[in-house]
Amino acid sequence: MTADIDFTAFFDAAPSPYLVLDADLVIRYVNPACLRTAGRTEDELIGKFFFDALPENPGCLDNAERNLEASLRRMLDTGNPGTAVLQRYDVPAADQQDKLEERWWSVSHTPLCGPDGAVSWIIQQVTDVTAFVHSRRARQLSEESAERAESLTAELYARARELHRLNQELRQAHAREQQIAVALQEAMLSVPDLDRHSNIAVRYLPATASLNVCGDWYDVVDLPPDRYAVAVGDVVGHGLHAAAIMGMLRSALSAVIRAIPSPAQALEVLGLYARSVDGAMAATAVKVLIDTRSRLIIYSNAGHPPPVLLHPDGTCDLLDQATDPPLGAREHHVPRPQAGLSYNRGDILVLYTDGLIERRGEDIDVGLDRLTTALAQDRILAPDPLADALLTRLDVAGGVSDDIALVVIRL
């Protein structure tokens, strides 16, 4: 059973100085111990940019402000806690507010992340170590350090030059790896038949933490004279390994649908193949066959989020009547289901991977409602601007923690 704790009262009672910053480094909370230590009032701190409210002593040459800001910015970028040890940051003297008193601190920064994984809040705790710095032992250590400093300077300089050289080589190797990864992904997602379909727009967004290569994919296959097949799929994981598995599954399904133009049977074959590929188990895919002569959509789904059929009046149908477990999930072969529905000219069919709609801690139905609402709002757009508008409305245009494949078809 979770304790019912008043955390504001907890921090108010804490003997150590604490303050809370938002992601813009604006002070949102200061506990009484911090106010006493800083010699400031709440009105002087709350709602102020940290370095405006607590500027460093202009006469101090220790670069405390730069060190603290670097620590905070690094934590905002990485989400990792940070510590700044033995930082001089002077505060107003108790008896003379216009005079600054020399003070030394050990500062720790603890991030609190929001649902999207980005840092939303920063808890700063400071410990006054001025007495230690001014102590006899500290002076002794300082003298000993000064004696060793001269002998270490040459070695440190040489090591710094070597570290700089290694960092340069590492950056160059990373850049080459990025170029290779992007070229690999572009090659694997190449869709020659797509050039003949001005009514189809595709988008691929890699996960923000990946090398621009992931396991999501899309494909378009022409089946003359009047049919074409569209697929999207999702391999578990990110990076080159997931991309390699994705390439094998995508190629296999593209070949199968040309020989067996039945979405259900094509996914049956792909499921059997997935069981022989290390890392392909639990991959998902949905296959759609569009017959332009009879205006019929035939589809089968292997554990994937359902495609959406948007009508000109803004209503939507989910293609969720032929859903089965992911590829290779069953121990024994079982025929996969298949369903069909008719469409009218001007309808829009949208296929996508789960990164488009799923959010941590949220039911998938909420994400589906958000998707259909966004589609209805921009339903008059052509496929390309509609795809861009959809990514913007769902707040994923800048990337999310999962990769995204999206196909928009105006039928």
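General observations
- Residues in segment 1-55 that are assigned to a strand (DSSP E or B), over 16 Å from residue 112 (Cβ atoms) and open to solvent by 30 Å² or more (accessible area, probe 1.4 Å): 49 only.
- Here residue 149 meets each of (1) in a helix (DSSP H, G or I); (2) at pLDDT 70 or above; (3) open to solvent by less than 80 Å² (accessible area, probe 1.4 Å) with one exception, condition (2).
- Failed item in (1) buried (at least 20 other Cβ atoms within 10 Å of the Cβ); (2) among the aromatic types (Phe, Trp, Tyr); (3) without any contact (Cβ under 8 Å) to a residue 40 or more places away in the chain, with residue 273 passing the rest: (1)
- Remark: pairs (first residue in segment 374-387, more than 12 Å from residue 410 (Cα to Cα); second residue open to solvent by 50 Å² or more (accessible area, probe 1.4 Å) and part of a loop (DSSP other than H, G, I, E, B); Cβ separation under 6 Å; 6+ apart in sequence or on different chains) are absent.
- Positions within segment 389-398 being in a loop (DSSP other than H, G, I, E, B) and buried (at least 17 other Cβ atoms within 10 Å of the Cβ), in sequence order: 394, 396
- Hits in segment 366-388 (condition: buried (at least 18 other Cβ atoms within 10 Å of the Cβ) and touching an Asp or Glu at 6+ places or on another chain (Cβ under 6 Å)): 386
- Some residue of segment 262-283 being under 30 Å from the mean Cα position of the chain (by Cα), in a strand (DSSP E or B) and aliphatic (A, V, I, L, M): no
Conditions (1) open to solvent by 90 Å² or more (accessible area, probe 1.4 Å); (2) at pLDDT 70 or above; (3) not aliphatic (A, V, I, L, M), marked per residue:
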| site | (1), (2), (3) |
| --- | --- |
| 78 | no, yes, yes |
| 115 | yes, yes, yes |
| 128 | no, yes, yes |
| 136 | yes, no, yes |
| 166 | no, yes, no |
| 172 | yes, yes, yes |
| 179 | yes, no, yes |
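- Residue in segment 325-338 that is in contact with a strand residue (DSSP E or B) (Cβ under 6 Å, 6 or more places away or on another chain), open to solvent by 70 Å² or more (accessible area, probe 1.4 Å), at negative phi and free of Cβ contacts under 8 Å to residues at least 24 places away in the same chain present: no
- Qualifying residues in segment 351-365 (those that are part of a helix (DSSP H, G or I) and of a type in the set (A, V, I, L, M, F, W, C)) - the one surrounded by the most Cβ atoms within 10 Å (Cβ to Cβ): 356
- Filtering 381, 386, 375 for residues that are farther than 30 Å from residue 273 by Cα and in a loop (DSSP other than H, G, I, E, B) leaves a single hit, 381.
- Test: residue in segment 337-350 that is part of a loop (DSSP other than H, G, I, E, B) and in contact with a helix residue (DSSP H, G or I) (Cβ under 8 Å, 6 or more places away or on another chain): yes
- Extreme residue, nearest to the chain's Cα centre (by Cα), among residues of segment 368-411 that are more than 28 Å from residue 228 (Cα to Cα) and among the hydroxyl-bearing types (Ser, Thr, Tyr): 401
The values are calculated or read from the model by the stated rules, or taken from the named source; none is laboratory data. The model shown is predicted, which means the values in this text are computed figures rather than measured ones. Glycine gets a Cβ as well: all are built from the backbone with ideal geometry, and neighbour counts include every protein chain shown. We work out accessible area using only protein heavy atoms, side chains counted, and drop any ligands, DNA or RNA first. Shrake-Rupley method; radii C 1.70, N 1.55, O 1.52, S 1.80 Å.
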